[in-house]
Amino acid sequence: MSETASKNPSLGKRHPDLRVGGLIPLSTCDWPGQLAATVFCQGCAWDCAYCHNPHLRPMQADAQESWQEVFAFLKTRRGLLDAVVFSGGEPTLQPALLHAVEAVRGLGFRVGLHTAGMAPERFAPLLPLVDWVGFDVKAPFDTYASITGVERSGDKARASLNMLLASGVPYEVRTTVHPALLTPADMLALRDQLLTLGVTHYAIQHFRATGANRMPPLADPSGYTVPPRYAEGFLSFTVR
């Protein structure tokens with residue numbers, strides 16, 4: 001057994017492989033301030049119309065990369081990259097994610113996670129192992145189904161967000177906005193909910209048409225216009 005495996009016995013065991021839907025060898029935007037490789041995990045249980053990675057939705061689609069190949073590549077990036085980000089799809093739906101995160105940490109990388117919080121029971125054990133979380137909030141929690149197509153999906157997202165805020169793990173909460181899906185009243189209600197929960201770092205992301213073939217193009221290409229004073233109460237607020 002290798003020295004890394006001896007320090008972390010779970011790495012010496014055989015676990016189901018992570019289903020990988022794609023890999024970006026170098027990213028500067030998936031974790032702000034970090035040079036990262038981004039691993040896209042296959043599978044998502046929600047059906048957001050604005051998703052620009054719809055090919056990652058099927059849980060059982062053929063993997064574009066094998067986890068063994070990805071892990072072998074990451075070994076060659078030690079000392080060159082700061083971190084590995086697990087994105088999706090929805091990474092937390094895969095039971096193999098926990099072991100993949102352990103393995104990446106064993107290589108000396110920091111670990112980032114993109115999640116919508118749809119599996120709180122799997123998110124909880126990951127929190128002690130990740131260094132940063134990009135958390136997608138879709139809508140006011142009581143109207144989540146209008147975006148996800150899944151009833152009570154907002155309850156799971158809120159539970160996961162509460163876990164994140166209590167954990168002390170650095171994070172960014174972000175919302176993708178298409179005016180046909182979120183009204184100005186929705187956005188004001190969402191802001192109030194986030195501030196009440198204690199969110200301090202928030203970003204609004206303009207809808208991107210690439211890959212999102214179920215959504216009409218924006219009538220105004222400048223995207224969502226943030227209301228005056230919307231950022232008040234957040235320590236950091238970004239529109240991108």
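Counting other C-beta atoms within 10 Å, which of LYS138, LYS75 has the fewest, and how do the rest follow?
Sorted ascending by nearby Cβ count, the order is LYS75, LYS138.
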* Structure fact -> Here, SER167 and ASP192, labelled 7 Å along Cα→Cβ, have an inter-label distance in nm of 2.9
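Which whole number in µm²/s is D for region 58-102 by Stokes-Einstein, with the Kirkwood Rh taken over Cα pairs at 10 °C and 1.306 mPa s?
Approximately 132 µm²/s, per Stokes-Einstein.
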* Asked: Longest span of the chain, sites excluded, free of GluC sites (Glu not before Pro) in DSSP loop with at most 16 other C-beta atoms within 10 Å?
  -> 1-150
* When the distances between all Cα atoms of region 106-197 are binned every 10 Å from zero, what whole-number percent does each bin get? -> 16, 49, 27, 7, 1
* Structure fact -> Neighbour-count ranking for SER27, SER87, SER236 (other C-beta within 10 angstrom, fewest to most) reads SER236, SER27, SER87
* Give the order of TRP31, TRP46 when sorted by the count of other beta carbons within 10 angstrom, beginning with the fewest. => TRP46, TRP31
* Asked: Taking only C-alpha pairs under 8 Å that are 6+ residues apart, what is the relative contact order of region 57-148 in percent?
  -> 25
* Structure fact -> Of the residues PHE71, VAL137, HIS114, the Cα lying farthest along the dipole of region 59-215 towards its positive end, which is defined by charges on the beta carbon of Lys, Arg, Asp and Glu, belongs to PHE71
* Between region 131-187 and region 77-125, what's the alpha-carbon centroid distance in Å? -> 19
* **Percent of C-alpha pairs per 5 Å bin, the chain, short to long** => 1, 6, 13, 18, 19, 17, 12, 7, 4, 1, 1, 0
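Can you tell me, using C-alpha contacts under 8 Å and at least 6 residues apart, the relative contact order of region 90-237 as a whole percent?
Relative CO of region 90-237 lands at 19 percent.
Just so you know, all these numbers are worked out from the coordinates, no wet-lab data involved. All values reported here derive from a predicted model rather than from experimental measurement. Because the Cβ atoms are built from the backbone with ideal geometry, glycine has one as well, and the counts that use them run over all protein chains shown.
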